[in-house]
Amino acid sequence: MKHSYMKSMVVACLATLSFIGFNATATAATNYKVVKGDSLWKLGKRYSVTIDDIKKLNNRQGDMIYIGETLAIPSKTKVLAAETTEPSTAAPANTTKPEPKPEAKPADQETPAVSISSSEKDLLARLVEAEAKGESYEGKVGVATVVLNRVDSPKFPDTVTGVIKQVVGKAYAFSPVQNGSINKPASEDSKKAVEQALTRKDRLDDSIYFYNPKTATDNWIRSRAVIKTIDHHVFAK
């Protein structure tokens, strides 16, 4: 009687350990050096992880990444326990989770080279609308490009929000923030212009300034090297 009870206990313990071992997971990380054209969305798709997983592992708040920096990419690996000597008649459970299918993108929408949050996209689109209202679509893309170039430049804050809300002297760097016109909703053209600028196909030779030569009163801005003129705006660096 005692021998039979002990044998039952041993079998039960082995079954429990086998179940625990089978379902155990270990988390590893891969170091990845960012190259031109990378984005958190692309890296998440390539390594089958979410953008939030990458941001959490790298202690990131925003979605901007930069060429040359090294990111830790999480990867999950199943750890299987050694098989027990007790035969099992039960069918093995399928523990493989299906990989999530990437969301279908419209054929005319290009994959962004950099990724920013939806709230920053909205903020940038509202600035574009206020600064380039009445300008061509190309002019709107140019204004958004200047903001993104500033994010990349060591001379300015490293986030879209920081650049747009930067204070220079006693005023904001962008007049729409100062006069409140940035609070008006953005048009569809301005939203599309932001998406186009995020592809970083044309960086306007890294221009970090734009101004209207007919209304600009600051002689210093006129001394900057002119890269291109689009509609009423001069883009400079």
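The values are calculated or read from the model by the stated rules, or taken from the named source; none is laboratory data. Bear in mind that the values here come from a model prediction, so they are computed numbers and not experimental data. Note: ideal-geometry Cβ built from the backbone for every residue, glycine included; neighbour counts use all protein chains shown. Just so you know, the surface numbers come from the protein's heavy atoms only, side chains and all, with ligands and any DNA or RNA stripped out. Shrake-Rupley method; radii C 1.70, N 1.55, O 1.52, S 1.80 Å.
Compute, for SER153, the solvent-accessible surface of its heavy atoms (probe 1.4 Å) with the complete set of protein chains present, and express it in square angstrom to the nearest 10.
Spelled out: SER153, probe radius 1.4 Å, area about 20 Å².
Given charges of +1 on the Cβ of Lys and Arg and -1 on the Cβ of Asp and Glu, with all other atoms neutral, how large is the dipole of region 151-237 about its Cα centre, in debye to the nearest 20? If you can, show how the numbers build up before the last one.
Details: 14 positive and 10 negative charges, 40 e Å.
Roughly 180 debye, rounded to the nearest 20.
Taking 0.36 nm per intervening residue step and subtracting the Cα-Cα distance, what contour gain separates ASN58 from SER136 on full extension?
Working: separation 78, 0.36 × 78 = 28.08 nm, distance 3.91 nm.
Between ASN58 and SER136, full extension yields 24.2 nm more.
For SER181 and ALA225 in one chain, what is 0.36 nm times their gap in residues minus the Cα-Cα distance, to one decimal in nm? Intermediate results must be reported in sequence, preceding the final value.
Working: separation 44, 0.36 × 44 = 15.84 nm, distance 2.86 nm.
Difference between extended and current length: 13.0 nm.
If I compute solvent accessible area with a 1.4 Å probe over the protein chains, what percent of it on region 102-237 is carbon and sulfur? Before the final figure, lay out each step's value.
On the way: 3580 of 7300 Å².
With neighbouring chains kept in place, the figure for region 102-237 is 49 percent.
Need one word for region 196-237: rounded, prolate or oblate. Basis is the Cα gyration tensor (sqrt eigenvalues a ≥ b ≥ c); a/c below 1.5 gives rounded, then a/b vs b/c decides. Intermediate values should be presented prior to the final figure.
On the way: a/c = 2.82, a/b = 1.89, b/c = 1.49.
Since a/c reaches 1.5 and a/b is larger than b/c, the shape of region 196-237 is classed as prolate.
Scan around ALA29 for amide H atoms under 5 Å from its own, H built in the peptide plane at 1.01 Å from N, and keep only partners 5 or more places away or cross-chain.
SER75
What are the ³J(HN,Hα) values, in whole Hz, obtained from phi via the Karplus relation 6.51 cos²θ - 1.76 cosθ + 1.60 with θ = phi - 60°, for each residue of region 137-150 in sequence order, with x given for Gly and Pro?
4, 4, x, 5, 4, x, 5, 5, 5, 4, 4, 5, 5, 5
Can you pull the one-decimal nm distance between simple spin-label points at VAL35 and ASN212, each 7 Å off the Cα toward Cβ?
4.4 nm
Classify region 151-237 as rounded, prolate or oblate from the Cα gyration tensor: take a ≥ b ≥ c as the square roots of its eigenvalues, call it rounded if a/c is under 1.5, otherwise prolate when a/b beats b/c and oblate if not. List each step's numbers first, then the result.
Details: a/c = 1.26, a/b = 1.07, b/c = 1.17.
The shape class here is rounded.
How would region 110-196 be classified by its alpha-carbon gyration tensor: rounded, prolate or oblate, with rounded meaning a/c under 1.5 and the a/b versus b/c comparison settling the rest?
Details: a/c = 1.70, a/b = 1.14, b/c = 1.50.
Here region 110-196 falls in the oblate category.
Would you rank LEU57, LEU43 by solvent-accessible area, highest first, keeping every protein chain in place and using a 1.4 Å probe?
Details: LEU57 80, LEU43 0 Å².
Greatest to least solvent exposure: LEU57, LEU43.
Quick one: what are the phi-derived ³J(HN,Hα) couplings along region 195-211, Karplus 6.51/-1.76/1.60 with θ = phi - 60°, whole Hz, x for glycine and proline?
So the Karplus estimates, Gly and Pro as x, are 4, 5, 5, 5, 6, 6, 5, 10, 8, 6, 6, 6, 4, 10, 9, 8, 7 Hz.
Taking amide hydrogens as modeled 1.01 Å from N in the peptide plane, which residues meet the under 5 Å criterion relative to LYS228, leaving out close sequence neighbours?
Excluding prolines and chain starts, which carry no amide H, the hits are PHE235.
Considering only Cα-Cα distances, which of the following residue pairs are longer than 29 Å: LYS36/LYS140; LYS36/LYS184; LYS133/LYS201; LYS33/LYS121; LYS55/LYS165? Walk me through the numbers before you get to the answer.
Numbers: LYS36/LYS140 24 Å; LYS36/LYS184 34 Å; LYS133/LYS201 23 Å; LYS33/LYS121 25 Å; LYS55/LYS165 24 Å.
Where the Cα-Cα span goes over 29 Å, the pairs concerned are LYS36/LYS184.
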